[in-house]
Every structure is written in structure tokens, then in C-alpha cells.
Amino acid sequence: MYEDILLPFDGSDGAAEALHHAAEISHWADATIHVLFVADTTRDSVTVVETEVVDALVQEGEDIVEEAEKTLTTLGVDYDSDVVQGHPAPTIVEYAEQYEYDVIVMPTHGREGVSRYLLGSVTEKVVRLSSIPVLTARMQPDEQLVFPYETVLLPTDGSAGASHAAEHGLSLAAALDATVHVLSVVDDTSLGLDVRSTISGREREQAATDAVDDLVSEAETHGVSNSVRHVEHGSPIEVILDTIDSNDIHAVVMGTTGRRGSDRILLGSVAEKTVRSAPVPVITVGQGE
């Protein structure tokens, strides 16, 4: 399902980890990795060397991409590469959509924690803007990326955005013969103590249960042989992280739109908090335009 993988690359430690993870996926999927360096046109990078006008960032990008190519050659992965100029986040998204790539793979931490593609900057914007699935990987010193994924977590709130993302997650899980954990969280943190909130709480519990049941039924139609139901109470991000930890989850697949309809997620939303915090790869799936 991933024939063409776009890898925005800046040569940082985080990007190198993402490259190796993308290579593992490439071997499994028999995919081509497309390495992309975006020379940031918002930065002053033009200089003169011996009377010749040189864009230092483009030159740096060509060197960085060459190193990535050497690594991919060593790993035995099919690849091509490109160095382009532009505003990084929208350029990455437009590039991915123009060439109809299947997934974008990016780290959430880069060079010494201050990468050009640092979460909160380029990666976060790509997650928010992209109609193409984005696989983000947060690398801490004590964390390792596992592939093939044997356990996949699908958080859902029953919304169209969550269901759209789940289709992607179920297809991936079926292809990997992975166990699917379906999770819906009843967010008690927003409920008060009056009677109306008690009724609302019951409705939310039923809605969460229905969302999980619907997704488990859908898993069966996708050929997923093993699924686990989770209906939990609490803060959504805390429950997601607890579920990852207590069930040895290898990857999370979730939507970037929820019950607010067609609006894109906002900074600080559950999806972006998960991308920022999860110790495993998170594949975010937008609904497109």
C-alpha cells in the first residue's frame, strides 16, 4: 500500500532514524523512497564565492541528499532525490500531492533537537496541512522503532475523520497481519457535576462504545483477524499514551479531523499532542479537500 514514500530529509539524527525506518517499510512494501530537501527561501542563503552567486542552502541540501543516497544504497533500497526551494511545510505538502506519494515520513526531532523539521515548525505544519498520510517518529535515546508493526492502535470518536483514518489503519494492519486495538475515550475532564452532565456522560459512553463496535466490525471486513476493544475514561491524550504503554503498541493511526467536522485540527489537539508525545510512530490521516 506504500509504493512511493516521500522522505523530507535534513541530515539530522532524527531524520537518519526516520530514513532507516522508511527503508524497512520500503523493503516490506517493495517501495521507492523519494528523498527531498527543501532549501528554505525564508532564510537569507545567497552568497558570492569567487564572483559566482551561490545559494548555500541549495548546496548544503545537495550534500545532505548525497549522504542519504549513500545510506539507501547500502540498505539496498530503490530511491530518487530532489532539492527544491520554497517554504518548507507547504512545499513538502504540495510536492507530495503533486506526485501523488502514498505516505510522508518525518521525524519529530532533528539536529540536536532544533531541526528545520522540528515539531512545532515544519513537521507539525505538514501534519496539519497534508491530505496524504504522514508518518511521524519521535526518537528519544531510550526508544526504538519497531517494524513490522505487530500491534496498531486506532483511536476513534466515531467521526467521519476518525473513520477515514481507520480505513487506512485497517488496510495497513491487514497487510501486516497485525493486531488492532480500537480505542474510544470518554473525556470526563469536560463534564461537570450536575444532572445534565450525568446524562451527557451516559450519552458519551454509549457513543464511545458504538464507535468502537463499528470499527471492530469494519476490521473484520478488512480481514483483520485479531482486534481488541478499549472504552476508557479520562483525558484523551493520557489514555492514548497509557494504552500504548500497557499494550505494547507499535504504531498509532489516527485522523486529523474529529467531531468539529471539516475543520483542521488546531495546535494542541489530541492528534498533534499524540504526534508530539507518543513513543511510537504515529500515522496521521487527513480527509483531503
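Could you identify the single residue in Gly255, Gly192, Gly234 that is modelled with pLDDT under 95, under 14 Å from Ala166 (Cβ atoms) and of a type in the set (Gly, Ala, Ser)? Just one listed residue meets the conditions, Gly255.
Each residue in the range 123-161 was checked for being under 22 Å from Asp245 (Cα atoms) and among the hydroxyl-bearing types (Ser, Thr, Tyr), and 4 pass. Would you call Tyr149 among the hydroxyl-bearing types (Ser, Thr, Tyr), closer than 30 Å to Val224 by Cα, at pLDDT 95 or above and open to solvent by less than 50 Å² (accessible area, probe 1.4 Å)? Yes; evaluated as a whole, the condition is true for this residue. Within the range 105-130, being modelled with pLDDT under 90 and assigned to a strand (DSSP E or B) holds for one residue alone: Pro107.
For the range 258-288, the set of residues classified as modelled with pLDDT of 85 or more and either of a type in the set (Phe, Trp, Tyr) or open to solvent by 30 Å² or more (accessible area, probe 1.4 Å) (or both) consists of Val270, Lys273, Arg276, Ser277, Pro279, listed by residue number. Scanning the range 1-36 for residues that are buried (at least 22 other Cβ atoms within 10 Å of the Cβ) and among the aromatic types (Phe, Trp, Tyr) returns a single hit, Phe9. Among the conditions (1) of a type outside the set (Phe, Trp, Tyr); (2) at pLDDT below 95; (3) open to solvent by 30 Å² or more (accessible area, probe 1.4 Å); (4) farther than 24 Å from Thr41 by Cβ, the only one that Thr74 does not satisfy is (2).
When the range 136-146 is limited to residues that are among the polar types (S, T, N, Q) and in contact (Cβ under 8 Å) with a residue 12 or more places away in the chain, the one that is least open to solvent (accessible area, probe 1.4 Å) turns out to be Thr136.
Pro133 meets all of the listed conditions (1) modelled with pLDDT of 95 or more; (2) in contact with a Leu (Cβ under 8 Å, 6 or more places away or on another chain); (3) open to solvent by 10 Å² or more (accessible area, probe 1.4 Å) but one, namely (2).
The values are calculated or read from the model by the stated rules, or taken from the named source; none is laboratory data. Keep in mind that this is a model prediction, so the values were computed, not measured. When we count neighbours, we look across all protein chains shown, and the Cβ atoms used for this are built from the backbone with ideal geometry, even at glycine. Side chains included, ligands, DNA and RNA excluded: accessible areas come from the protein's heavy atoms. Shrake-Rupley method; radii C 1.70, N 1.55, O 1.52, S 1.80 Å.
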